[in-house]
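Below you'll find the structure, written out as structure tokens, and then a few comments.
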Amino acid sequence: MFAKLGLVILIVLFGASLFVAGTMAPDNIAGPVRETGKSIASWFSGNDTKQTDSPHQDGSTIITYSSLIPAAGSSENQNYGIQIGLYATQKETDAEALLLTANNYDFKEIQVRDKLNIERYLLIAGPFPTLSLAQFQQQRLPQVLGLSVPLNILLFPQ
């Protein structure tokens, strides 16, 4: 019983000391932590500001991942793709692309920026001219590639 009480007291003291340290932190430390916290909180609440496509240092444009998500009731006049994966490195993307090539699928590798403003590499199969064809391939591709996760339908980037 005393051990449990001691543990509770330690947890309360630890929490209180972190609170005091956080409130007394100098601005050069607290400022970046506050901004990161706001960014994460807005991402979880869904109130983040809309990001726009931005230029990369080599002059190419990095598009935002959210711009590829089709809206409900999207027009059939668009090309669709199947997201195979979103990778941290180009090397991972290339390894997965070999599977698509071996199975005679067209694909595109593009650099995208996610909600947390992190650049990733998107591997997308397609283009598929209709949503119904994309939905058919959405069911077929995991079996062909040996994947156990469902795949997302995205708008195929131009």
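Taking only region 130-143 into account, find how many residues are without any contact (Cβ under 8 Å) to a residue 12 or more places away in the chain and of a type outside the set (F, W, Y).
5
Please work out which one of (1) at pLDDT below 85; (2) touching a Lys or Arg at 6+ places or on another chain (Cβ under 9 Å) is the condition L86 fails and give its number.
So L86 meets the others, but not (1).
Report the residue count in region 106-158 for those that are out of contact with any strand residue (DSSP E or B) (no Cβ under 6 Å at 6 or more places or on another chain) and of a type in the set (F, W, Y).
Looking only at that region, the number is 1.
In region 61-129, which strands (runs of 3 or more DSSP E) lie fully inside it and hold 1 or more residues that are among the β-branched types (V, I, T) and touching a residue at least 60 places away in the same chain (Cβ under 8 Å)?
61-64, 80-87
Restricting the first residue to region 26-41 and requiring it to be outside the structural domain of L116 (by TED's automatic domain parsing), which pairs with a second residue that is modelled with pLDDT under 75 and surrounded by 11 or more Cβ atoms within 10 Å (Cβ to Cβ) meet a Cβ separation below 8 Å and a spacing of at least six or different chains?
S39/D48
Return yes when A134 is of a type in the set (A, V, I, L, M, F, W, C) and part of a strand (DSSP E or B) and no when it is not.
Considered against the rule, which asks whether it is of a type in the set (A, V, I, L, M, F, W, C) and part of a strand (DSSP E or B), A134 comes out as no.
Go through region 122-150 and count every residue that is closer than 30 Å to A41 by Cα and either at pLDDT below 90 or surrounded by fewer than 20 Cβ atoms within 10 Å (Cβ to Cβ) (or both).
2
The values are calculated or read from the model by the stated rules, or taken from the named source; none is laboratory data. Keep in mind that what you see is a predicted model, and the values were worked out from it rather than measured. A quick note on method: Cβ atoms are made from the backbone with ideal geometry, for glycine too, and the neighbour counts reach across all protein chains shown.
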